[in-house]
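Next up is a structure, given as structure tokens.
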Amino acid sequence: LRVVLAGLFFILVSTFILEVEFLTDRIAQLEVGDISPQDIVAPATITYESKIATERARDQAARLVQDVYGRPDPNVAREQRVVANQVFNYLDAVRVDPYLTEEEKLDHVLALTPVSLTREEAIEILNLGEDLWADAKQEVDSVLDQVMRNPIKETDLPGVRFRLGLNVSLDVPDAEARVIISIAEDLIQPNTFVDEARTNERREEARESVQPVLVTFEKNEIVVRNNERVDELDIEALQVMGLHQRATPWHDFASTFLWLLLLVAALGFYLAKYHFDILQDNQRLAILVIVSLIFVAAIRAMAPGKTVLAYALPMPALTIIIAGTLDPQLAIIATLMMGLIEGYTTGGTFELAAYVIITGLVVGLNVRRMAQVNTLLRAGLYAAVSNVAIILLFRFFENDRVPLNSNMLLTIIGQLGSGIL
């Protein structure tokens, strides 16, 4: 029961360490509009379909589609002809009304609603002689007929009214021409309108023609720069990379718990078969559990997006401590377990798993119980050499030379530090 409780304690604490998002994880707390507290880099090469960029491209394609207009409606011209006749009848009645003073006639003309007249235009209408007035009415009908035969959009209306004088006969006197234009310009109305159904159909076709936008980040490429304002695309990229998770889903807890359970069960089977004495010794069992938890915490400290820090962690120290205090073979098995945990935690990064596992093999084969200091330093040197070889090998396959020098320097410091510890 004591051994089972120790194993369960290790599994629960390790699951908590690996899966719980701590308050210091500032990346996970970023929102749109926030300022990035650091350079955030991609933990691995990734290509994904950006829903936000795709939607923006589709919206832009839809906006570029011009409105589709239907055919000109001839009924509009007929309706405006009826309105024109009503205007003429009203003005005829005002002009010949013997009971109205000139000022009252002017007020009645200005009160006319189908057309908007200025005071000067109203005076000119009242001052026109009967012959010129009759000719003006005919010219208004002619201008209206000419202009309304052409398609007129709502957006074209100001230009059509501005050019209205070009449709007036050149033989018409200036005063009469001004009267004709003042009445006709308000009677000109749009006769073709947006076909909403066809316009929306074409815009939808334009949206569908846009292919999904793919975004690629290379390993260690900067996603968000330090002191840069975070936008929606940045948040989307961080979420896809697993760097922006508010809370750990229960299935992640469960999968981590089961993975650790499998590893601890395998380790327990090994101890029961080859090192049953350690299971019976509370002190040695506690050393194994505590040291392992410390290095699980070290793995968790290598936050996503900071993969380069893994090379500075003195992971061989785990092998050296267990080999020096418990057993070299057990140290190799424990290091193998840590390598599998690190590979799982970093999303299946084989390089880091190999980095830890091969280090454990090299150190475990060179350290014995109660080893001297020079032996430990030599083991750390061997570990540094082996890990530099691993880095060179993986960089050769990935054709990635940018972080090479920093990784090699960090691994040498970390492995020699393991020997000193």
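The values are calculated or read from the model by the stated rules, or taken from the named source; none is laboratory data. These numbers come from a predicted model, not from an experiment. So basically every Cβ, Gly included, is an ideal-geometry build from the backbone, and we count neighbours across all protein chains shown.
Out of all the residues in the range 188-198, is one or more surrounded by 14 or more Cβ atoms within 10 Å (Cβ to Cβ) and touching a Pro at 6+ places or on another chain (Cβ under 6 Å)?
Within the range 188-198, one or more residues are surrounded by 14 or more Cβ atoms within 10 Å (Cβ to Cβ) and touching a Pro at 6+ places or on another chain (Cβ under 6 Å).
Under 6 Å between Cβ atoms, which residue pairs at least 6 apart in sequence (or on different chains) link something in the range 35-63 that is of a type in the set (Ser, Thr, Tyr) with a partner that is assigned to a helix (DSSP H, G or I)?
Sorted first by the residue in the range 35-63, then by its partner, the pairs are TYR48/VAL240.
Taking the range 256-284 only, how many residues are touching a Phe, Trp or Tyr at 6+ places or on another chain (Cβ under 9 Å) and of a type outside the set (A, V, I, L, M)?
Within the range 256-284, residues that are touching a Phe, Trp or Tyr at 6+ places or on another chain (Cβ under 9 Å) and of a type outside the set (A, V, I, L, M) number 2.
With ILE152, ILE123 as the choices, which residue is surrounded by fewer than 17 Cβ atoms within 10 Å (Cβ to Cβ), of a type in the set (A, V, I, L, M, F, W, C) and at pLDDT 90 or above?
The unique qualifying residue is ILE123.
Could you go through the range 155-174 and let me know if any residue there is farther than 30 Å from LEU128 by Cα and assigned by TED's automatic domain parsing to the domain that holds VAL83.
The answer is yes, given that some residue of the range 155-174 is farther than 30 Å from LEU128 by Cα and assigned by TED's automatic domain parsing to the domain that holds VAL83.
Considering ASP73, ASP59, which residue is under 60 Å from the mean Cα position of the chain (by Cα) and within 27 Å of ASN150 (Cβ to Cβ)?
Numbers: ASP59 fails: within 27 Å of ASN150 (Cβ to Cβ).
Answer to the check: ASP73.
Still on this structure: Of the residues VAL109, VAL94, which single one is surrounded by 13 or more Cβ atoms within 10 Å (Cβ to Cβ), touching a Phe, Trp or Tyr at 6+ places or on another chain (Cβ under 9 Å), assigned by TED's automatic domain parsing to the domain that holds SER182 and within 20 Å of ASP186 (Cα to Cα)?
VAL109
Further question: Would you mention how many residues in the range 75-91 are more than 21 Å from PRO190 (Cβ to Cβ) and of a type in the set (A, V, I, L, M, F, W, C)?
Selection size over the range 75-91: 2.
Same structure, new question: Tally the residues that are free of Cβ contacts under 8 Å to residues at least 24 places away in the same chain and small (Gly, Ala, Ser), restricting the search to the range 178-210.
Total meeting the criteria: 1.
Please count how many residues of the range 80-131 are among the acidic types (Asp, Glu) and within 24 Å of ASP145 (Cβ to Cβ).
Here is the first cut: in the range 80-131, the ones among the acidic types (Asp, Glu) are 92, 97, 102-104, 107, 120-121, 124, 130-131.
Subsequent filtering for residues that are within 24 Å of ASP145 (Cβ to Cβ) retains 92, 121, 124, 130-131.
Of the residues in the range 80-131, 5 are among the acidic types (Asp, Glu) and within 24 Å of ASP145 (Cβ to Cβ).
Which condition breaks for LEU261 when tested against (1) more than 20 Å from PRO43 (Cβ to Cβ); (2) out of contact with any helix residue (DSSP H, G or I) (no Cβ under 7 Å at 6 or more places or on another chain)?
Among (1) more than 20 Å from PRO43 (Cβ to Cβ); (2) out of contact with any helix residue (DSSP H, G or I) (no Cβ under 7 Å at 6 or more places or on another chain), the lone unmet condition for LEU261 is (2).
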